[in-house]
1. Consider the candidate values [x] 21.2; [y] 20.6; [z] 23.4; state which one is Kirkwood radius over Cα pairs in Å computed from the structure displayed.
2. Relative to the present Cα-Cα distance, how much length would full extension add between Tyr342 and Thr45 at 0.36 nm per residue of separation?
3. Show me 330-340, 10-20 ranked by packing, highest mean number of other Cβ atoms within 10 Å first.
4. Relative contact order (percent) for the chain, with alpha-carbon contacts under 8 angstrom and 6 or more residues of separation?
5. Can you give the net charge of the other residues whose Cβ lies under 12 Å from the Cβ of Gly118, counting K and R as +1 and D and E as -1?
6. Explain nothing, just compute: Karplus ³J(HN,Hα) = 6.51 cos²θ - 1.76 cosθ + 1.60, θ = phi - 60°, for every residue of region 120-135 in order, whole Hz, x for Gly and Pro.
7. Against the longest principal axis of the chain, how steep is helix 271-289, in degrees 0 to 90 to the nearest 10, with axes from Cα atoms?
8. If you line up the long axis of helix 74-88 against the longest principal axis of the chain, both from Cα atoms, how many degrees apart are they, to the nearest 10?
Amino acid sequence: MRNAIILLPTYNEAGSIEKLITILSHIREEVSSNWNLEVLVIDSTSPDGTAEIVKKLQKKYGFLHLLMTKKEGLGKAYFQGFTYTMQHLHPYVMFEMDADLSHDPREIPQFLKKIAQGADFVIGSRYIKNGSIPEDWGLHRKIFSIVGNLIVRLGFMKLKITEWTNGYRAIKTWVIQSSLNTVKHYSGYVFQIAIIDQALKNKAQIEEIPIQFTDRKHGVSKISFSQYIVQILLYIFLNSSFIKFVIVGGVGFIIDFSISFFLIEKAFAEVWLATLASTETAIICNFLSNNFWSFSYKKLESTKKTYILSFFKFNLISSGSIIIQTLGIQLLVVMFGKPMWYLYKVFIILFIIIPYSYFFYNKVVWKDR
């Protein structure tokens, strides 16, 4: 029988913790034929007596554990909880879950079912069919939640994953172990994003199940929306291979244009020769920058054969970009006229060339190994 440990970070959750533990005791019995379900409360020295309630409940429930920590934020609490759990409770799966009853514990068997079917990481999503957010949420909170997740999906160009910030998850221990040294530096929602980001980079199989998120009935939300947006944007900028890819492409454009300008305007070279030289120089720079920066976590093997073959593929895909852009602009000019050609070019680059190139570079040149 495998161990599944539910981690509950708490700070001033005296109003909900006893009810939640009672429900979890029933869920534990429900899954007992296949899973040994235990609970670890990670209390950040709550002044409302949350820890005292848990200590009393421990006399009744042998599966209940308590870890006292300093108040250092959600990320630190989970990091200490993960570490403690791996050292003392030997889990096969660890759950992230809020202690305020906003996450329905009755969904736990569905998470475990997905794990048993082969998933390494199961996310409770509010944004897939049958999932939901509270109807009575204020407009600003709905916007932050929906737009925040959309920004992350687009920022990482991982559209299949609909939920990045919600903290209701079941994660195999090997995924946590492989990510812990990286995610320990983050807190709050960025911590949640970082875990998924690292899981993807470590080739974990990620699945989603729908959940109906309900607002807390006791206590107050710990969300700081200003920090939420700033920290998410900063994490994406520093860690997204897609954003790095776009930056590399921008630098490549500057290199291409600068060399063309110099050769044509200053060196009086033939336009076709200058264009060929500038384009190929930019392609070489982009190839190296993407290998050692954008896709550094899966960079190519350092062999001559690998580099030559991969560079040929890179050139081929880049040539496809040129063909798509040329034909696309010509088609739009014929359809809508020449005066707006520069807008057509920007549109095609942003919405066709960049996604096309990023997709094929990932699938053909820097393939997941």
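Every number in this text was worked out from the coordinates using simple rules, so none of it is lab data. The structure displayed is predicted, hence computed values, not measured ones. Note that we place each Cβ from the backbone using ideal geometry, even for glycine, and neighbour counts take in every protein chain shown.
1. For Kirkwood radius over Cα pairs in Å, the calculated option is [z].
2. Fully extending the segment from Tyr342 to Thr45 adds 101.0 nm.
3. Ranked by mean Cβ neighbours within 10 Å, highest first: 10-20, 330-340.
4. 15 percent
5. Its environment carries a net charge of +1.
6. Each residue of region 120-135 in turn: 9, 8, 10, 10, x, 9, 8, 10, 10, 3, 6, x, 7, 10, x, 5 Hz.
7. It works out to around 20 degrees.
8. 70 degrees
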